[in-house]
Each structure stands twice: as C-alpha cells, then as structure tokens.
Amino acid sequence: MQGQLTIVGQGLAGTCLAWRLWSRGKKFRLLHLGEGRSASAISAGLLTPVTGRSLNPSWRLSEFLDEALGFYREVEGVLGEQFFYEIPILRLFAGAEERRMFDRKHELLQPWTGAFLEGKDCPCEAPYGGVIWKGGGRLDTRRFLESSGIFFRDSGLLETGEVDLASGLEVEKPTIMCAGAAGLGSEPFGFLPERRAKGEILTVRIPGQPENRVLSRNGWMIPLGQGLFRVGSTYSWDDLTDSVTTSGRLQVENLVRSFTALSFETVEHVAGIRPIIRQSRPVIGSHPENENLFVFNGLGSKGVLYAPGVADRLAAFLCENREIEEDLNIDAFVG
C-alpha cells in the first residue's frame, strides 16, 4: 500500500501495529486519542495459556505465544527496558467439577501443565487443589505503552488529538482504526457483532504476601513487586462507562480475601471496557465500503497474547499485500 498510514489509537493494538510497521521501514502516523480512552493502559497485562471455566487452551496458543514473546523481547531490546515478566500461574480449582474437568482434559492440557498441587500444598484455602500453568506471564502494559509512546513521539511519528470515529468512512488516505471499545457499537464498524464488557481492577498492597506466582480462581491476583498486587476483574455488560463503582470495589476486595488472609490496603481502583467481538479473537481487514479504512479490534482480555502476532499479519497485508487469514478477516462479517 502506497503512502503514509495513519493508526488511530495508541492502545495495545495500535502500538503493536506501529512497531510492526516501524520494523518494516513503513511510513506512518500514530494518533493517540488522549487520556482515559484506552482500556489497555489500565489492564492487568495477564497472559495465561489456559482460561475460562472450561479449562481450554487459548485459541492458536502455541503460534501466537511464540510470536508474542519474541516481539516483547525485540521491543525491550530497542527501548532498553523490560516489560514482559514470565511468571507461573497457579489455577486453583473452584469446585469438584472443575477438578474432574482437569482430569478429563489432562492430555490436552499437558503441554501447559507445570505441576498439580493438592489443597494442602496451595498458599490459600483450596480444598480441590490446583494446577500451575506454564508459559504465562505479565506485561507491564502501562509502562510498555508509555515507553513506546515516548519513542514514537521522539521519532516524530506520534501525535495526540481527537478523531470523530463515526466519520471513518470519509477517510481518503489509508487509516487503521485501533480504537478499542470506543470503535465498536457504532459506525463505521457498527456491523461487527460486538459484546463489550466493563471490568474493574484494584491495585492493593499486601505486606508479607508471596510474590512468586499469579493466583487464579474466579479472577486473579498478580504480583507487581514491592508488596503490590493487581487484582480483578469484574464483568458488567450493561454499564459501559469507565467510572469505578462501590459494588465493583467490594467484589474485587472479596476476591483478594479469597486468595489471602493477610490484611491489605487498596491503593488504586480503575475501570475499563473490554473490546470483545468474538470470544477475544481479534478482527482485522478493510471496510467493505472504503478500501482506505481498516480495523484492528476485538482483543478482549487476551490482547497481550494476540496483539503482536495479529499486528504482524495486518502489517504484512498493508506492506506486502499478504492475504489475511480467514479466521481473522473482517470479511467473515460482511454479508
């Protein structure tokens, strides 16, 4: 594709796409939509290989995990700063049925299973035991976005401004909408079957709490270092504002208590909207009515895993005219 590209949105999707274009030497402009607009900036950054109550490995896990880890190491090398931290994830079984499901799926889950723990060996009350997942970790998403933004701004590639997202069909130059939840539910991509969800997260200080692994059960508690932990998250399908709520705080505080008997202090409470289209499987491609308008959206709660690899596929389409895979292509939603 000829000419300079404009990336709208400097969340995880837009930033990963910017790095993929930068590595190809492609000219682009990255447009940051301002503070308080990106769920990426407040996300926990958790990458877990096996998720959900059904204990299923994430979609195309091996492929996208390798690409993500390689990408983060490359960016760390450019910026001279670490952002991704590999850390074991202890999934505590929520009940007897979940434990039986793990036993039934043992062969499928074996590549991602580090160890099985009986209840007595778990760090908190866990009568059904738990399993340690391999291949997981945490991206310091906030710092990754900040440092990347500084790099691109210093390179003359990043601007801050406002965009009327609904006017996207009028663009005449190649423009990629990476606007997250703000880019769903209305034009120009209102035809996508989105189901956005609000999540609230706490950062808490827990003196004396072990920091050697993530704890997961009906939510998660992620060690950040220096006695701080990120804990969440709630799901709300009706309130799609980024305002925190008392009910959300109480729900997450109860989650903290399910992981530790130690006293804790809440130091931050944030909320954001997950951009979900189809079970956290991203969508990329061009708008059916304007070949200059593109989308990269739908990362949901798995952006840390999928954003680097999907960004590379979109960059390959934009720069090398490589065909977009069917299970990522927006064409699947065009009648």
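Every number in this text was worked out from the coordinates using simple rules, so none of it is lab data. The structure presented is a predicted model; accordingly, all values stated were derived computationally and were not measured. Neighbour counts run over all protein chains shown; Cβ positions are idealised from the backbone, glycine included.
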Can you give the angle from 0 to 90° between the axis of helix 12-23 and the longest principal axis of the chain, with both taken from C-alpha atoms, to the nearest 10? 60 degrees
Would you mind giving the average projected area, over all directions, of the Cα convex hull of segment 197-274 in nm² with one decimal? 4.8 nm²
Where does the charge balance sit around ARG60 when Lys and Arg score +1, Asp and Glu -1, over other residues with C-beta under 14 Å from its C-beta? -3
Relative contact order (percent) for segment 197-274, with alpha-carbon contacts under 8 angstrom and 6 or more residues of separation? 47 percent
Explain nothing, just compute: Karplus ³J(HN,Hα) = 6.51 cos²θ - 1.76 cosθ + 1.60, θ = phi - 60°, for every residue of segment 121-135 in order, whole Hz, x for Gly and Pro. 9, 7, x, 8, 4, 8, x, 9, x, x, 9, 9, 7, 8, x
Counting all C-alpha pairs of segment 84-136, share separated by more than 12 Å (%): 62 percent
For a protection proxy built on the mean count of beta-carbon atoms within 10 angstrom, sort 287-298, 159-170 highest first, please. 287-298, 159-170
Picking from THR6, LEU169, PHE144, whose Cα lies most toward the positive end of the charge dipole for the chain (charges on Cβ: Lys, Arg +1; Asp, Glu -1)? PHE144
Rounded to the nearest 0.05, what FRET efficiency do ARG322 and ASP66 have when you use their Cβ-Cβ distance and R0 = 25 Å? 0.85
Given the C-alpha centroids of segment 292-326 and segment 127-195, what is the distance between them in whole angstrom? 11 Å
Net charge dipole size for the chain [Lys, Arg +1 and Asp, Glu -1 on Cβ; Debye, nearest 20]: 780 debye
What angle, in degrees between 0 and 90 and rounded to the nearest 10, separates the Cα long axis of helix 246-259 from the longest principal axis of the Cα atoms of the chain? 50 degrees
Sorted by Cβ neighbour density within 10 Å, fewest at the top, the residues LEU262, LEU224, LEU318, LEU30: LEU262, LEU224, LEU318, LEU30
Take every DSSP beta bridge with both residues inside the chain and express the antiparallel ones as a percent of the total, to the nearest 5. 70 percent
Helix-only [θ]222 nm of the chain, DSSP H runs n ≥ 4, -39500 (n - 2.57) each, per residue, nearest 500: -8500 deg cm²/dmol
Relative to the compact-globule scaling 2.2 N^0.38 Å, provide the ratio for the alpha-carbon radius of gyration of the chain. 1.00
Rank ARG230, ARG195, ARG60 by mean-square fluctuation in a GNM of the chain with C-alpha springs under 10 angstrom and give only the top-ranked residue. ARG60
Size of charge dipole - segment 262-335 - debye, nearest 20, with Cβ of Lys, Arg +1 and Asp, Glu -1, no other charges: 240 debye
If amide hydrogens are placed 1.01 Å from N in the peptide plane, which non-local residues have theirs closer than 5 Å to the one on LEU30? ILE7, LEU158, GLU159
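How big is the dipole moment of segment 4-84 about its Cα centre under a simple scheme where the beta carbon of each Lys and Arg is +1, that of each Asp and Glu is -1, and everything else is neutral? Debye, nearest 20, please.
360 debye
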Amide H partners (placed H, <5 Å) of LYS134, local residues excluded: THR113, GLY114
Based on the mean of other Cβ atoms within 10 Å per residue, sort peptides 278-284, 112-118 so the most packed one is first. 278-284, 112-118
For ILE276, the net charge from surrounding residues (Cβ-Cβ under 9 Å; K, R +1; D, E -1) works out to +3
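For a quick check: sort CYS124, CYS319 by the number of other beta carbons within 10 angstrom, fewest at the front.
Ascending number of Cβ neighbours within 10 Å: CYS319, CYS124.
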